[in-house]
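These notes are about the structure you will find just below.
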Amino acid sequence: MLIRVGGWIFYAMVRLIGLTLRFEIDGVDHMRAGTERLASPVLCFWHDRIVASTYFFRGRGIVVMSSISFDAEYTARCIQRFGFGVIKGSSTRGGTRALVEMIKLMKRGIPSAFTIDGPKGPRYQVKPGPALLAKRTGHPIIPFTIETGGFWTMNSWDRLQIPKPFSKARVFFGEPIFIGPDADDQELEQKTDELQNSLDVLVERGREWRQS
């Protein structure tokens, strides 16, 4: 009952806030370049931007990985109501099985998304799952961040951002990252570093935009 009620509360909150946000897009050419050949990219973003990201990408059939925990059920129920698919697993529990399921779905043309530092951090530190997924499927990684003109910060490990109603929100897409099927461990590590650098740059660009 708590999970069901909590899921509806979170859904209502995200929907009401999202309806008031004024979205702009920066780097749409990068998104198009990544999906020109394949319509199902591996979208990667930081966990603290999950509220604005959930609303912006609603209704697109994107599959995300959700950790196997009581608390994560609130989030899972919420995003499913926005049209996302959910696969249970995380970097600490059930991750291998979940990754296999995501590979199968992506090969059928279904896009995926990762809160790349979730479920519990370290904050703003990329994990290797998306690089492996990109290698196994041939689909590109597309990093992005969403910066809002005003937001409240929660006292959580990720310092979750709750956008203030009627704020401007700018979506920053980074260049697509392609990984070949023959990539070795060293190349996977290099691509993971590339993803880290791209997200760091996007966050800084967002901060500069908000302060301008």
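The values are calculated or read from the model by the stated rules, or taken from the named source; none is laboratory data. All figures in this text were calculated on a predicted structure; none of them were measured in a lab. Cβ atoms come from the backbone with ideal geometry, glycine included; neighbour counts cover every protein chain shown.
In region 99-114, what count of residues is obtained for those that are part of a helix (DSSP H, G or I) and surrounded by 23 or more Cβ atoms within 10 Å (Cβ to Cβ)?
Summing the residues that are part of a helix (DSSP H, G or I) and surrounded by 23 or more Cβ atoms within 10 Å (Cβ to Cβ) in region 99-114 gives 1.
Looking at Thr145, Thr153, which one is of a type in the set (S, T, N, Q) and within 13 Å of the chain's Cα centre (by Cα)?
Thr145
Take Lys127 and decide whether it is of a type in the set (Lys, Arg) and over 22 Å from Phe84 (Cβ atoms).
no
Determine whether region 158-181 contains at least one residue that is at positive phi and in contact (Cβ under 8 Å) with a residue 24 or more places away in the chain.
Looking for residues that are at positive phi and in contact (Cβ under 8 Å) with a residue 24 or more places away in the chain, one finds at least one in region 158-181, hence yes.
Please determine, by comparing only the residues of region 1-10 that are modelled with pLDDT of 80 or more and not aliphatic (A, V, I, L, M), which one is farthest from Phe173 (Cα to Cα).
First pass over region 1-10, keeping only residues modelled with pLDDT of 80 or more: 8-10.
Adding the requirement that they be not aliphatic (A, V, I, L, M) leaves 8, 10.
Numbers: Trp8: 30, Phe10: 26 Å.
Selected residue: Trp8.
Testing Phe151 on (1) in contact with a Pro (Cβ under 6 Å, 6 or more places away or on another chain); (2) farther than 20 Å from Arg207 by Cα, one condition comes back false. Which one is that?
(2)
Considering only region 182-202, I want to know if a residue exists there that is crowded, with 17+ Cβ neighbours inside 10 Å, more than 18 Å from the chain's Cα centre (by Cα) and of a type in the set (A, V, I, L, M).
Yes, because at least one residue in region 182-202 is crowded, with 17+ Cβ neighbours inside 10 Å, more than 18 Å from the chain's Cα centre (by Cα) and of a type in the set (A, V, I, L, M).
Return the residue satisfying two criteria in turn: it lies in region 152-191 and is of a type in the set (A, V, I, L, M) and outside any loop (DSSP other than H, G, I, E, B), and of such residues it is nearest to Lys120 (Cα to Cα).
Among them, the one singled out is Ile162.
Could you say whether any residue in region 139-151 is among the charged types (D, E, K, R) and outside any helix (DSSP H, G or I)?
Yes, because at least one residue in region 139-151 is among the charged types (D, E, K, R) and outside any helix (DSSP H, G or I).
In the set Gly138, Gly118, Gly129, Gly59, which member is farther than 24 Å from Glu194 by Cα and in contact (Cβ under 8 Å) with a residue 24 or more places away in the chain?
Going through Gly138, Gly118, Gly129, Gly59 in turn, just one is farther than 24 Å from Glu194 by Cα and in contact (Cβ under 8 Å) with a residue 24 or more places away in the chain: Gly59.
Could you list, in sequence order, all residues of region 115-132 that are in contact with a strand residue (DSSP E or B) (Cβ under 6 Å, 6 or more places away or on another chain), over 18 Å from Val201 (Cα atoms) and buried (at least 22 other Cβ atoms within 10 Å of the Cβ)? Quick ask: steps written out before the conclusion?
Filtering region 115-132 for residues in contact with a strand residue (DSSP E or B) (Cβ under 6 Å, 6 or more places away or on another chain) gives 116, 119, 130.
Next, only the ones that are over 18 Å from Val201 (Cα atoms) stay: 119, 130.
The answer is Pro130, and nothing else.
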